[in-house]
Amino acid sequence: MARDGRPVRARGLLGKFAGSMELPREVMLDVPRVIMIGTLQVHVENHKGILEYTPSRVRVRTPDGVVTVSGRRLRIGRIGREELTVDGRVDRVEIEDGPAPRREKPSP
């Protein structure tokens, strides 16, 4: 069973279907798309929220796990419902495989 609850075979068939229909795989498979622009910027599509935000680290929840951007003077340059941009001096981008943690709700 894949992390998104779909059987692995079904996910493979969806990937082939997306390729034959010329649809972006990340849309059909509900996976993140991470684009790094040199050491200046990281663009994350299909995010599910920010888990941590400091000047040296930004952690973003995605359907496939957590994307961690490490560097210096990091800031959220742009954020939308499904995409965000991290600007600053990017030293490292990591993707933690597995289900992303949910944000805890404050207790009353």
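The values are calculated or read from the model by the stated rules, or taken from the named source; none is laboratory data. A quick note: this is a predicted structure, and the numbers were derived from the prediction, not measured. Heads up, the Cβs are rebuilt from the backbone with ideal geometry, glycines too, and the neighbour counts pull from every protein chain shown.
Scanning region 40-64 for residues being under 21 Å from ASP30 (Cβ atoms), in contact (Cβ under 8 Å) with a residue 40 or more places away in the chain and assigned to a strand (DSSP E or B) gives a total of 6. Restricting attention to region 57-108, and to residues there that are of a type in the set (Gly, Ala, Ser) and at pLDDT 95 or above, which single residue is surrounded by the fewest Cβ atoms within 10 Å (Cβ to Cβ)? In this case the residue turns out to be SER70.
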